[in-house]
Each structure stands twice: as structure tokens, then as C-alpha cells.
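Single-structure report; data block below.
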Amino acid sequence: MSDFEDINTRGLVLVGCGRMGGAMLKGWLSRGLQPGSVTVIDPRLAPEWQDKGLRVNQPLPENPAVMVLAVKPQMMADALGGVPRLSDTLVVSVAAGTTIDTFERSFPDAPIVRVMPNTPAAIGQGISALIGNGLATAAHLDTAETLMSAVGRVVRLDSEDQMDAVTGLSGSGPAYVFHMIEAMAKAGEAQGLSPELSLELARMTVAGAGALAVDADEDPAVLRENVTSPGGTTAAGLKVLMDPENGLPPLMRRTVAAATERGRELGKGAA
Ligand SMILES: NC(=O)C1=CN([C@@H]2O[C@H](COP(=O)(O)OP(=O)(O)OC[C@H]3O[C@@H](n4cnc5c(N)ncnc54)[C@H](O)[C@@H]3O)[C@@H](O)[C@H]2O)C=CC1
Ligand SMILES: O=C(O)[C@@H]1CCC=N1
């Protein structure tokens, strides 16, 4: 039996099929979601989605199992304006900042689950955190978890208050890691390596270390120590990187704090 049986029967509506919506849709289709059961609402849908058998910008099914909202927070009011008041439909939002009570104003009788995914979902390696409203039953949360586990791992939160920090850490986090690759590559160039060689070394170092961090039984701190020979090269590098005043820890603290704060602002309706 497909995990998507009820959704395939009643339908899934995806409002906004850009980078995040598209990444999730790719994962769902590869896990058994039937294209004909998906209604995509997006006025600027990318051409790659046009001939996949999806229902594109067509009237919504009468009683869809799930509606996933994946538009920018600044576009949410606009997008919600075009959607009927569903009550027997699980509403799932992946928008940063936008709080559950915003959705409750549009869907006062609906179960609502707020999710924060990230773009490695495009290759099934995402991490999503989720929390439901008072009307979301264990079965609704399971449905949301089924959807999100099609594109990576899932964690459940205890409180919606955690969501902005989650957004600042794992939602935005892939961008920090991509920038780390860029910065490492530039640093290699500064030591005389060619840009191509430096980028390849940086990219595969981050990819391999990430995979090892997931695969290994040891904590990242132990994996770091395993690389660090006493009096060796890594110790010399880490002395700079781990400097408590000027190193990565205070920089990362400020980075995640800024992203978290921006999530709070978006939640209050900031443009
Ligand atoms: N990109 C990321 O890494 C992540 C994004 N998110 C959240 O996902 C949501 C979407 O972000 P992205 O996919 O990055 O943006 P995007 O700009 O790539 O996609 C948004 C899509 O919404 C469509 N759209 C705009 N107005 C619409 C409307 N009224 N009705 C239907 N569709 C409409 C656009 O045409 C576009 O295809 C945001 O709320 C963001 O906070 C969450 C986690 C990670
Ligand atoms: O930058 C943003 O606002 C979205 C949310 C998390 C990642 N991208």
C-alpha cells in the first residue's frame, strides 16, 4: 500500500512550486504520489513542470487531503486570498516566519501543520521540523511526517516558539555551508591552488565530512579530534577557526541569531 493512498484518492494542492515546493514535489512523485492527483497553483510555474501530468492552475478538488503552502511569506496573504475555506483538509505551510495563527484566520476549522524544511530535500537529504495546531491530530501529524520524510528526515517540535530558531539553523543552514565551501575554496586559492582544484577540494571535503558526521557513531567533536594530530596542521588551523573571540563560534552564533530574528520579523508581517 502506498503511503500516499488517501492523498492519491482525494488530491494534494501545492500552492507555490518554486525552489522549495518543487524540491518537495520531486520527492513526493518519486515516492508514489500520482501526478494526476496533484493540483499545482503557481502563476509563474517553471516549464519543467508543464508536461508531467499535473493539474496546473486548475480548479481545486472539492475536498483535497492536503494543501501545501510554499510561497514566500510576503506573498502568503495574496495566495491565501485565492483559496477557499477548507476544513477537512490538512493545511501544511513551509513558509518562514508565518505563524500558525495567521493560517487559522484563513482556515479556522482546519488542521494546520507548520513545517520548516531545507533545500537538500531536492535530493532526499533534507531535514524538516514540524509542529501542528490544536486541530491537528496524531493522524494529521503522521500524514505531514509521511510527506516530509519522502524528502529527508523529520523532527517534531514541542512548541512553535522553536520554529524561528530552527529556520535560522537548518532552514537557512544549507546557505551557510555553501558559503563555507566558497570561503574554503578562496582560502585555497590564496595559498596558490588553482580555482578549479581549490573548489573541488573544498566541495568534496564538506560533502565527505557531512556524510561522515551523519554516518559515524562519534560526535562531531570526536571526528574533529580524529583529524587533529598534536602539534600538526589541523591544530594550527583550528587555533584560528575556534578562537572564542574572533573565530567561527561567535560568528555562527551571530549568523543564526540574525536569521532567527528575521524569521520573527517576517512572522510579524515585515516586508
Ligand atoms: N528556499 C529555501 O531554502 C527554503 C524556503 N522555505 C520557504 O518556502 C517558501 C517558498 O520559498 P522558495 O521556494 O525559496 O521561493 P520561490 O520564489 O522559489 O518559490 C515561490 C513560488 O511561489 C509562486 N507564487 C508567488 N505568488 C503566488 C501565489 N499568489 N499563488 C501561488 N504561487 C505563487 C512563485 O511563482 C514561485 O514559483 C517560502 O515561504 C520560504 O520561506 C522554507 C525552507 C527553505
Ligand atoms: O531565506 C529564507 O527566508 C528561506 C527560509 C529558510 C531558507 N530560505
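Tell me whether segment 119-127 contains one or more residues that are surrounded by 16 or more Cβ atoms within 10 Å (Cβ to Cβ), assigned to a helix (DSSP H, G or I) and out of contact with any Lys or Arg (no Cβ under 7 Å at 6 or more places or on another chain). Yes, that holds for at least one residue. If you go through segment 62-86 and keep only what is over 23 Å from Gly171 (Cα atoms) and either buried (at least 18 other Cβ atoms within 10 Å of the Cβ) or within 20 Å of the chain's Cα centre (by Cα) (or both), you end up with Pro64, Ala65, Leu86. Of the residues making up segment 190-197, at least one is part of a helix (DSSP H, G or I), surrounded by 11 or more Cβ atoms within 10 Å (Cβ to Cβ) and not charged (D, E, K, R). Taking the criterion of being assigned to a helix (DSSP H, G or I) and touching a residue at least 24 places away in the same chain (Cβ under 8 Å), the residues of segment 128-148 that qualify are His140, Leu141, Thr143, Ala144, Thr146, Leu147, Met148. Filtered by the rule that a residue be polar (S, T, N, Q) and surrounded by fewer than 17 Cβ atoms within 10 Å (Cβ to Cβ), segment 39-56 gives a lone residue, Gln50. The residues of segment 234-259 that are exposed (fewer than 12 other Cβ atoms within 10 Å of the Cβ) and polar (S, T, N, Q) amount to a single one, Asn246.
So for segment 18-28 (the condition being surrounded by 14 or more Cβ atoms within 10 Å (Cβ to Cβ), within 28 Å of Ala257 (Cα to Cα), modelled with pLDDT of 95 or more and away from ligand 1 (no atom under 13 Å from the Cβ)), does at least one residue qualify? No. Val38: over 20 Å from the mean Cα position of the chain (by Cα), modelled with pLDDT of 95 or more and within 24 Å of Ala96 (Cα to Cα), yes or no? So Val38 passes the test. Restricting to segment 16-53, name every residue that is closer than 21 Å to Ser149 by Cβ, away from ligand 2 (no atom under 16 Å from the Cβ) and not small (Gly, Ala, Ser). Matches in segment 16-53: Leu25, Lys26, Trp28, Leu29, Arg31, Leu33, Gln34, Pro35, Val38.
I'd like to know if segment 103-111 contains one or more residues that are within 16 Å of Val13 (Cα to Cα) and in contact with a Lys or Arg (Cβ under 6 Å, 6 or more places away or on another chain). For segment 103-111, residues within 16 Å of Val13 (Cα to Cα) and in contact with a Lys or Arg (Cβ under 6 Å, 6 or more places away or on another chain): absent. The residue pairs whose first member lies in segment 254-271 and is under 13 Å from Ala96 (Cβ atoms), whose second member is more than 11 Å from ligand 2 (Cβ to nearest atom) and assigned to a helix (DSSP H, G or I), and whose beta carbons are closer than 7 Å, counting only pairs six or more residues apart or on different chains, are Thr260/Ala165. Counting the residues of segment 159-189 that are closer than 14 Å to Ser128 by Cα and either in a helix (DSSP H, G or I) or away from ligand 1 (no atom under 16 Å from the Cβ) (or both) gives 13.
Looking at Thr99, Thr137, just one residue is more than 12 Å from ligand 1 (Cβ to nearest atom), within 22 Å of the chain's Cα centre (by Cα) and hydroxyl-bearing (Ser, Thr, Tyr), and that residue is Thr99. Output the number of residues of segment 149-158 satisfying the condition of being assigned to a strand (DSSP E or B) and either charged (D, E, K, R) or under 21 Å from Ala258 (Cα atoms) (or both). Number of matching residues: 2. For Phe4, state whether it is in contact with a Leu (Cβ under 9 Å, 6 or more places away or on another chain), more than 16 Å from ligand 2 (Cβ to nearest atom) and under 24 Å from Ile123 (Cβ atoms). Yes: the conditions hold for Phe4.
Determine, yes or no, whether Ala271 is under 24 Å from Ala121 (Cβ atoms) and loosely packed, with under 13 Cβ neighbours inside 10 Å. So Ala271 fails the test.
The values are calculated or read from the model by the stated rules, or taken from the named source; none is laboratory data. In this text the structure is predicted, and so the values were computed from the model without any measurement. Cβ atoms come from the backbone with ideal geometry, glycine included; neighbour counts cover every protein chain shown.
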